[in-house]
Structure formats: structure tokens, C-alpha cells
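Visitor: I am attaching a structure below and will ask some questions about it afterwards.
The values are calculated or read from the model by the stated rules, or taken from the named source; none is laboratory data. What you are looking at is a predicted structure, and each value in this text was computed from that prediction instead of being measured. With ideal geometry, Cβ positions are generated from the backbone for all residues, glycine too; neighbour counts draw on all protein chains shown.
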Amino acid sequence: MLKNLTYKILEKNLLTGTLQSGNEISVKVNQTLTQDSTGTMVYLQLEAMGIKDIKTDLSVAYIDHNTLQAGFENADDHEFIKSAAAKYGIIYSKPGNGICHQIHLERFGRPGNILIGSDSHTPTGGGLGMLSIGSGGLDIAVSMAKGYYYLKAPKVLNIELTGKLNPWVSAKDVILYILKNLTVKGGVGYVVEYSGHGVKELSVTDRATITNMGAELGATTSIFPSDKITKDFLKKQGREKDFIPLSADNDAFYDKKITINLEEIKPMTAMPHSPDHVEAISHLEKIKVDQIAIGSCTNSSYTDLMKVAKILKGKKIHKDVSLVISPGSSNILKMMAENGALGHLIAAGARILEASCGPCIGMGQAPKSNAISLRTFNRNFKGRCGTKNAHVYLVSPETAAVSSITGYLTDPSTFGDMPIIHVPEKFYVSDNYFIYPPKDRNKLEVVMGPNIKPFPLNKKLLPKVEGTILLKTGDHITTDDIMPSNAKLLPFRSNIPELSKYCFGTLVDDFHIRAKENSGGFVIGGENYGQGSSREHAALVPLYLGVKAVIAKSFARIHKTNLINSGILPLVFKDQDLYEKFNEFDPIALNDVIHSLENHIEMTLVNKAKNIEAKVIFEGSERDIKILKYGGYLNFAKEADY
């Protein structure tokens, strides 16, 4: 059978299993990345495994999320990660170097490699022809310790791109258009693979924007071929030797295929409060804007920011607009400082932030009450910006720049001639923000500050699980809902007991009290439960609070894996109508849990208050079942050799 690009890379790195859609397989991991928001837990888990050396070809620990050092907590986390990186042979990227996905694209990404990252936007690397998958931190720790990663062999969705982009239409508009048509569930179970003549119209950073936001489709990852454009990008970064050509066979097999004509796409925006709530800007009424933020791993590349600088050159930011800009890397910032672009931004009235995730992760720049904020980011979940009643619209850098001048959400195609960007023959490259591990690491120890607490461990699964329904949620509950992320809480990512006080904080104020008073219990969820970030804290904190199972209509991929890794049962209603029959504080029980798992049969969920039964299903592999029986992946990894 003629192979698609995804299965070519999987086949090259296959360790166990049969490479057929739906089968569980394990693959060799070439590279890993972590960031500091998730990294502390990853390295605590690595410590618990008692390893000496990592098994990957290359691993990098980036500091890009928790860079606001208002207290000692973030600085202590950085020092811990730095010391762990030195001990285990991991490259450490200092604060200020930039956003992990942008830097990895510039410095380390390789076509044909498999990259696993503890951040849901790791698929950014697919713009280079890498198979780049976001996962929970424990999966990354095991990947570094053992050198492998388990996943279900995905289906592959081919998106064929035809035609050319119209003036003022960018890669961000392309992925917003795709989200409008496929929704946040449209990619679940798939790798999205791009092909067609339209691919040649997109630079590597354009492609990376599209693969980055493929995470919002629920896709396992997204990938573009590695071609002449890829080679040119790597050459400009001084890494031409890392290039290999990679593409699907002609007439390769795909599980599903759609065609998109780039010429039909207009400047788009994702309206509050979901990345798939998308409309063409020209179809909307005039919307006054209060704040604009440009940057994030989606849109902080050199070409993105140079377009913004050209648009703003000689102009003035509207008096009612606050414009903040976060460059993607220190190298980009230096180039813009030297070519005058940074001066244009400052002269126009923009605020320049350090090269980091910044506002995208809720680390500062929360807008005023009831504000309209335009952001070139990837998520606009309610409250993620730091202000619960703010309204966030996702837009392209071009739209953001033009709107910062007009003061309202503006279709940039009405603004005049589109700026033309000349990309230099060679990009500035510096390793001064990297700390490479020493050759002699035998006597190195990790440094742990007082805010770093042990991560919670579960106990082995019991045959009968019972308790109280602590919370019932609606559809599309995000990891931001389960474990909110903002400047106040990010410093406690290494302190699960403190974080637990804010669990489900966007929904209720007292979940931790409910859990304590009932000695743990259950959560009932709706469709796509756990969408969004890869943060395993959305599973570790419920574990700490004694949550035994989450019973939902359906789960987002990464969060479901994180629940399994924490030893929390993720179960699905067989008859989704019965979701209505279970309410908060009902006492419930699951009988014959282990027997049902081992024999792949339905479990019976009993509502003891209402004398109602519902059949619930566990959808997972034999290995997943073993992990649950052990009480989580760390227990399993230490006691079993898989």
C-alpha cells in the first residue's frame, strides 16, 4: 500500500505493535521538550524513576511560561529544572530565550524525527516535517527514561490545499477557516496531513502556525511535507545538514480527505469563547477594541512581527488601545533591534514584552473588566486571559496590527497595500541563552526550593469504587476550567496541595472543600471533557483531592491519557441520555471494576440515591488497563518493563 507521510515516520521509528489504525504501538522518541509550567513535575517524576541517563537523542528544558518572578517560587522552579537538566544530560534554555515551540523550530527540529513535548502545542514542529505530539508530563518523563512512547496508531486526515492566498490573508486565517469547518472535535483520533500545490505558498513558519493550532482541532498532531521550502528555512538557520526530503507517496492512502481552496479564505476571527467560533471579519459589525496582544507560539515568528512593524511604521496606536508584543525568540528580538523594526513598534506606541509566552498563558496583561481583546494566540477560553468577563477574539498578526491603528476589529484587506517582507539570507543565531549539560554528571544533585512539593501517587485499583458526585459539568470543559492558569496560580505548578484549593475554579469556588468533606468522589462530564492544554495538573490535582473516576459523554485525547496516567478512571456513558439522571452529591458506585476492565465489558454505574443504573464503558488498550490497575503510570513504569 502506498504510504502517507505520517505512516512513513511511524514505520521508521516503530518499536512494537502492528502499524494499523486503532492498534496500540510504541515508537522510538528522538526528541523531547518541556516547559517550566509542566517541567517541574516531569523532572520530579524523572527523579522518582532513579535513572542515570536519558534515552533520547536530544531533550530540551525551556523556561518560557512562568517568567514573572513576583516571588521566589518561579525562580526556585527554574533552578530545580536547571539542576535536573544538568544531572540528566538535558539542554536548558534560560528565561528570555523565547517560546519553546518557536525556538525548537529554529534550533533543533528535524524532518522525520518524532518529538514528544509536555505542551499541547508541540505539533508546531509539524511545520518542519516532524511528527510532533503533545502529551502529559509523565509520558515525557517515561519517554526520556525509557526512550519510547505508546500511542494508538492514528487515522490520517489529508487536507489538500489548492490555489494561492489573497493579499492580507495569512496562515492564521487558514487554520481558523479549518476550525470553522471541522470544529474543536473534528481532528480527534486523526493526524492531519497537508498536501497539494497550495503547500508551496506557505513558509515553514506559516506551516508551523497551522500545525500549532491543529491542537485546537483535537488532532493527535498535524504535519507538512519536508521540501525545498523546509531546506531553505534550515539553511537560513545554519542547519542545512538537518534537512531530508519527506513527502507522502503519490496516491497514498488516507482515512479521510478534504480539499481547501486558499483563494476562498478571507481574514477571519475566532469569537469568544472558543477557537472554532469563527467568522469572516467582513461579516461582523464594527467592534471597538480595548487591548491587542501579538505573539505566542502561534504567531511570534520573524515574518509575523516584521509584517506588524511594517504596518505600524509611521503610524500611531489608537488612544483607546493597549498593544503588547511578545517576540518568539531572543534571536528574533535581536534581528528586529538591529534592522530598525523594533524602533518602529516602539515609536507607534507598542509595549514590548520579553520573549516568552506571557499573556497567552495568563502571565500578565490581563485586560480590564468587560474588555474586548484581540490576540494572535491559539485559545480564547473564557477567563484564560486573566479577566473572567473579558471577550477575546483570535486574529492574525496583520489583523491585529491594523486594528491597533483603527481602534476596532478591522478587515486588513480594507487598509491598502499588503506589506512585503524580505527574509534575510541568514538568520541571527546565538546559543548564549542555552546551558548545555556538563560531560561529568556523576556527582550532580537537584536543587529543590520550599515551594516544590512531592507529586501525588495513587493506590492500586480496587474491585469496587464508590463515593459522591462532587461536580457535574457541561460540554467542552477545558483544562483551564479544571485547573485554572494565571499569574497568581502558575507559581504553584510545583505545589499540588496549594493548587488544589483552586480546582475547577472557573465553575465553582468550593470543589476542594466538597472533595475533602466527602473523602473524594466522582466528576460527571459532558462532551469533549478536558479539551485544551496538555497540563497534567488537571489530572494530578483531582488525584490529590481523591477523585476516583470521571464519567463523561466523551474525552479530549491528552486529558484522557493524563487521567489514566494518574490512575483515575475515564469512563463514557453508553447511553448518553442517562447523563441527565446523575446529579451533584448523588452517592454512586461502580461494581466489578477490575473484572470489567480485564474482560472489556461494560461496567454498571449505580445511583444509590435514585436506584438508577447506567452502563459505562472504558475505551483503552490492554496497557492502559494495566496502568489503571497499578494506580497510575509512574507505579507501572517502576514495577513493570513495558
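Visitor: Please work out if Gly526 is in contact with a Lys or Arg (Cβ under 7 Å, 6 or more places away or on another chain), outside the structural domain of Ala215 (by TED's automatic domain parsing), within 20 Å of Tyr579 (Cα to Cα) and surrounded by 20 or more Cβ atoms within 10 Å (Cβ to Cβ). Step through it out loud before you land on a result.
Guide: Details: in contact with a Lys or Arg (Cβ under 7 Å, 6 or more places away or on another chain): yes; outside the structural domain of Ala215 (by TED's automatic domain parsing): yes; within 20 Å of Tyr579 (Cα to Cα): yes; surrounded by 20 or more Cβ atoms within 10 Å (Cβ to Cβ): no.
No; evaluated as a whole, the condition is false for this residue.
Visitor: If I ask for residues that are of a type in the set (Lys, Arg) and surrounded by 15 or more Cβ atoms within 10 Å (Cβ to Cβ), which ones from the stretch 246-288 would you list? Don't jump to the end; show me each part of the working.
Guide: As a first pass, look at the stretch 246-288 and keep what is of a type in the set (Lys, Arg): 256-257, 266, 286, 288.
Hit for the stretch 246-288 is Lys266, nothing else.
Visitor: One residue is enough: does the stretch 491-502 have a residue meeting the conditions surrounded by fewer than 24 Cβ atoms within 10 Å (Cβ to Cβ), of a type in the set (Lys, Arg), modelled with pLDDT of 90 or more and more than 26 Å from Val606 (Cβ to Cβ)?
Guide: yes
Visitor: Go through the stretch 81-91 and give me each residue that's buried (at least 22 other Cβ atoms within 10 Å of the Cβ), within 23 Å of the chain's Cα centre (by Cα) and not aliphatic (A, V, I, L, M).
Guide: Matches in the stretch 81-91: none.
Visitor: Tell me, yes or no, whether the stretch 547-554 has at least one residue that is under 20 Å from Asp475 (Cα atoms), of a type in the set (Val, Ile, Thr) and surrounded by fewer than 19 Cβ atoms within 10 Å (Cβ to Cβ).
Guide: Scanning the stretch 547-554 turns up no residue that is under 20 Å from Asp475 (Cα atoms), of a type in the set (Val, Ile, Thr) and surrounded by fewer than 19 Cβ atoms within 10 Å (Cβ to Cβ).
Visitor: Right, another one. For Asp77, which of the numbered conditions (1) assigned to a helix (DSSP H, G or I); (2) within 24 Å of the chain's Cα centre (by Cα); (3) at pLDDT 95 or above fails to hold?
Guide: Only one criterion is unmet by Asp77, namely (3).
Visitor: Looking only at helices (runs of 4 or more DSSP H) that lie completely in the stretch 292-393, which have at least 3 residues being touching a residue at least 24 places away in the same chain (Cβ under 8 Å), within 26 Å of Lys94 (Cβ to Cβ) and of a type outside the set (A, V, I, L, M)?
Guide: Numbers: elements: 302-312, 330-339, 341-348.
Passing ranges, in order: 302-312, 330-339.
Visitor: Still on this structure: So if I check each of Leu33, Leu44, which one is of a type outside the set (Val, Ile, Thr), modelled with pLDDT under 95, outside any loop (DSSP other than H, G, I, E, B) and under 28 Å from Lys626 (Cβ atoms)? Outline the logic, then answer.
Guide: Numbers: Leu33 fails: modelled with pLDDT under 95.
That would be Leu44, the only listed residue that is of a type outside the set (Val, Ile, Thr), modelled with pLDDT under 95, outside any loop (DSSP other than H, G, I, E, B) and under 28 Å from Lys626 (Cβ atoms).
Visitor: Got a number for residues in the stretch 566-578 being within 15 Å of Lys615 (Cβ to Cβ) and surrounded by 15 or more Cβ atoms within 10 Å (Cβ to Cβ)? Write out each step before concluding.
Guide: Within the stretch 566-578, the subset within 15 Å of Lys615 (Cβ to Cβ) is 569, 571-578.
The next check asks that each one be surrounded by 15 or more Cβ atoms within 10 Å (Cβ to Cβ); those that pass are 569, 571-573, 578.
Qualifying residue count for the region: 5.
Visitor: On to the next question. Considering only residues that are free of Cβ contacts under 8 Å to residues at least 40 places away in the same chain and not acidic (Asp, Glu), look in the stretch 218-233 and name the one that is surrounded by the fewest Cβ atoms within 10 Å (Cβ to Cβ).
Guide: Once the filter is applied, the top-ranked residue is Lys228.
Visitor: Taking Asn66, is it in a loop (DSSP other than H, G, I, E, B) and either in contact with a helix residue (DSSP H, G or I) (Cβ under 6 Å, 6 or more places away or on another chain) or surrounded by 24 or more Cβ atoms within 10 Å (Cβ to Cβ) (or both)? It would help to see each step written out before you state the result.
Guide: Details: in a loop (DSSP other than H, G, I, E, B): yes; either in contact with a helix residue (DSSP H, G or I) (Cβ under 6 Å, 6 or more places away or on another chain) or surrounded by 24 or more Cβ atoms within 10 Å (Cβ to Cβ) (or both): yes.
Here the answer is yes, as Asn66 does meet what is asked.
Visitor: Inspect all residues belonging to the stretch 85-97 and state whether any of them is in a helix (DSSP H, G or I), out of contact with any Asp or Glu (no Cβ under 7 Å at 6 or more places or on another chain) and under 24 Å from Lys231 (Cβ atoms).
Guide: So far as the stretch 85-97 goes, no, none of its residues is in a helix (DSSP H, G or I), out of contact with any Asp or Glu (no Cβ under 7 Å at 6 or more places or on another chain) and under 24 Å from Lys231 (Cβ atoms).
Visitor: Mind counting the residues in the stretch 457-472 that are surrounded by fewer than 19 Cβ atoms within 10 Å (Cβ to Cβ) and not in a strand (DSSP E or B)?
Guide: Number satisfying all stated conditions: 6.
Visitor: Then there is this: Only one residue in Asn250, Asn181 is modelled with pLDDT under 95 and more than 20 Å from the chain's Cα centre (by Cα), so which one is that?
Guide: Details: Asn181 fails: modelled with pLDDT under 95.
Just one listed residue meets the conditions, Asn250.
Visitor: Here is a list of conditions, (1) among the β-branched types (Val, Ile, Thr); (2) within 27 Å of Ser329 (Cα to Cα); (3) surrounded by fewer than 24 Cβ atoms within 10 Å (Cβ to Cβ), and Ile210 meets all of them except one; can you say which number that is?
Guide: Answer for Ile210: the failing condition is (3).
Visitor: Report yes if Ala487 is hydrophobic (A, V, I, L, M, F, W, C), assigned to a helix (DSSP H, G or I) and assigned by TED's automatic domain parsing to the domain that holds Ile627, otherwise no. Don't jump to the end; show me each part of the working.
Guide: Numbers: hydrophobic (A, V, I, L, M, F, W, C): yes; assigned to a helix (DSSP H, G or I): no; assigned by TED's automatic domain parsing to the domain that holds Ile627: yes.
In short, no.
Visitor: Give me a count of the residues in the stretch 169-189 that are farther than 20 Å from Ala208 by Cβ and in a helix (DSSP H, G or I).
Guide: Looking only at that region, the number is 2.
Visitor: Name every residue in the stretch 222-255 that is among the hydrophobic types (A, V, I, L, M, F, W, C) and within 23 Å of Gly187 (Cα to Cα), in order of residue number.
Guide: Narrowing the stretch 222-255 to residues among the hydrophobic types (A, V, I, L, M, F, W, C): 223-224, 229, 233-234, 243-244, 246, 248, 252-253.
Correct list: Ile223, Phe224, Leu246, Ala248, Ala252, Phe253.
Visitor: Taking the stated definitions as given, is Gly137 over 22 Å from Thr376 (Cα atoms), touching a Gly at 6+ places or on another chain (Cβ under 8 Å) and surrounded by fewer than 22 Cβ atoms within 10 Å (Cβ to Cβ)? Walk me through how you get there before you give the answer.
Guide: Numbers: over 22 Å from Thr376 (Cα atoms): yes; touching a Gly at 6+ places or on another chain (Cβ under 8 Å): yes; surrounded by fewer than 22 Cβ atoms within 10 Å (Cβ to Cβ): no.
So Gly137 fails the test.
Visitor: Right, here's the next one. Select, from Lys12, Lys52, the only residue that is outside the structural domain of Cys297 (by TED's automatic domain parsing), of a type in the set (Lys, Arg) and without any contact (Cβ under 8 Å) to a residue 60 or more places away in the chain. Can you show your working first?
Guide: Numbers: Lys12 fails: without any contact (Cβ under 8 Å) to a residue 60 or more places away in the chain.
Criteria check complete, one pass: Lys52.
Visitor: Just name the residue that is surrounded by the fewest Cβ atoms within 10 Å (Cβ to Cβ) out of those in the stretch 10-63 that are in contact with a His (Cβ under 7 Å, 6 or more places away or on another chain) and closer than 19 Å to Leu138 by Cβ.
Guide: Val60
Visitor: Restricting to the stretch 503-520, give me the number of residues that are in contact with an Asp or Glu (Cβ under 9 Å, 6 or more places away or on another chain) and not aliphatic (A, V, I, L, M).
Guide: Going through the stretch 503-520 one residue at a time, the tally reaches 4.
Visitor: Another question, then. From the list His595, His600, exactly one residue is farther than 25 Å from Thr38 by Cα, in contact (Cβ under 8 Å) with a residue 60 or more places away in the chain and not aliphatic (A, V, I, L, M). Which is it?
Guide: Values: His600 fails: in contact (Cβ under 8 Å) with a residue 60 or more places away in the chain.
The match here is His595.
For (1) touching a helix residue (DSSP H, G or I) at 6+ places or on another chain (Cβ under 6 Å); (2) outside any helix (DSSP H, G or I); (3) at pLDDT below 95, each residue gets a yes or a no:
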{"position": "Ile210", "(1), (2), (3)": "yes, no, no"}
{"position": "Tyr254", "(1), (2), (3)": "no, yes, no"}
{"position": "Ile260", "(1), (2), (3)": "no, yes, no"}
{"position": "Ser282", "(1), (2), (3)": "no, no, no"}
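Visitor: Oh, and also: Please verify whether the stretch 558-576 includes one or more residues that are free of Cβ contacts under 8 Å to residues at least 24 places away in the same chain, in a helix (DSSP H, G or I) and either more than 20 Å from Asp139 (Cα to Cα) or not assigned by TED's automatic domain parsing to the domain that holds Asp76 (or both). Break it down stepwise before answering.
Guide: First pass over the stretch 558-576, keeping only residues free of Cβ contacts under 8 Å to residues at least 24 places away in the same chain: 576.
Right, trim to in a helix (DSSP H, G or I) and you get 576.
Checking which are either more than 20 Å from Asp139 (Cα to Cα) or not assigned by TED's automatic domain parsing to the domain that holds Asp76 (or both) leaves us with 576.
Yes, because at least one residue in the stretch 558-576 is free of Cβ contacts under 8 Å to residues at least 24 places away in the same chain, in a helix (DSSP H, G or I) and either more than 20 Å from Asp139 (Cα to Cα) or not assigned by TED's automatic domain parsing to the domain that holds Asp76 (or both).
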